[in-house]
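For reference, the structure is listed below as structure tokens.
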Amino acid sequence: MMAKEQDGCVQAAAGPIDQGAASESGAPAAPASRMPIVARVGGEAPDFEASGYVAGSGFKNIKLSDYRGKWVLLCFYPGDFTFV
Amino acid sequence: MAAVAASHGELVELGVQVLSMSTDSRFIHKIWNEAELSKMVDGGIPFPMLSDAGGRVGRVYGVYEEAAGVNIRGRFLIDPDGVIQAMEVLTPAVGRHVGETIRQLKAFQHVRETGEATPSGWQPGKKTLKPGPELVGRVWEVWKPGQED
């Protein structure tokens, strides 16, 4: 059963989390639009927080780093209701 | 995503957490799952469907396409230490092959456990390679294409 929860029209989520900027200078993370592509094999997966839908439990924000200690398969795709 | 959902049982057995992500809102994910995906796969999508509003996450993963405002197909295998072990990025018209993703997962898990290397096309139970000075120039003695047993 979907939990009967309050949910606004807009749910903010941090998006990409620029750990380098935060930990090295103490300054706020750069806007995401200015963050470079940092994903590469052998490198750390860029952490992020995103709002999400989980069937059976509802809406919640999820961070990639919540799953540290497990293998993660992260799949991007162009959009819901697309054909492939 | 339905194909990944159909293989979810095997992925769970391998200890894998699946996350899907597109620029659609969480509301659209809910309706897509209810209206269509749950009719393709029993029970619908069993993993979190994430929203990447504005493609902010896709940008740092190198999969955001500015012209269309969407993330193209990108698949990332991330190990328990948070390190990307594999990535595959496809333009939109060609779908992924979940079987190859699972094969790579098993190979990366084997390598992580044993320190061995797995040759081209390796499947669990098949021959592995033990890299070291004595193997240099002698791979032909232990492995040839088409004779993976």
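Laboratory data are not the source of any read-out in this text; all were calculated from the coordinates shown. Model, not experiment: these values are computed from the prediction. Every residue, glycine among them, receives a Cβ derived from its backbone with ideal geometry; neighbour counts consider all protein chains shown.
One table, with the values for the structure above:
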read-out: Spin-label proximity, residue A:41 to region B:73-90 - amide N less than 16 Å from point 7 Å beyond Cα toward beta carbon; value: B:74-79, B:83-90
read-out: Interchain or long-range residues, amide H under 5 Å from residue B:83's placed H; value: A:45
read-out: Relative contact order of chain B, pairs being alpha-carbon contacts under 8 Å that are 6 or more residues apart, as %; value: 15
read-out: All-pairs Cα distance distribution in chain B, expressed in whole percent, bin size 5 Å; value: 2, 8, 14, 17, 18, 14, 10, 7, 5, 3, 1, 0
read-out: Aspartates and glutamates whose Cα lies under 19 Å from that of residue B:126, excluding same-chain neighbours fewer than 8 positions away; value: B:100, B:113, B:116, B:141, B:148, B:149
read-out: Unsatisfied cross-links (Cα-Cα over 26 Å) in the set B:106/B:130; B:106/B:144; B:30/B:106; A:60/B:106; value: B:30/B:106; A:60/B:106
read-out: Residue order, fewest to most beta carbons within 10 Å, for B:31, B:72, B:84; value: B:31, B:72, B:84
read-out: Angle in degrees between helix B:98-114 and the longest Cα principal axis of chain B, rounded to the nearest 10; value: 50
read-out: Computed over region B:10-77: relative contact order in percent, which uses C-alpha pairs under 8 Å that are six or more apart; value: 32
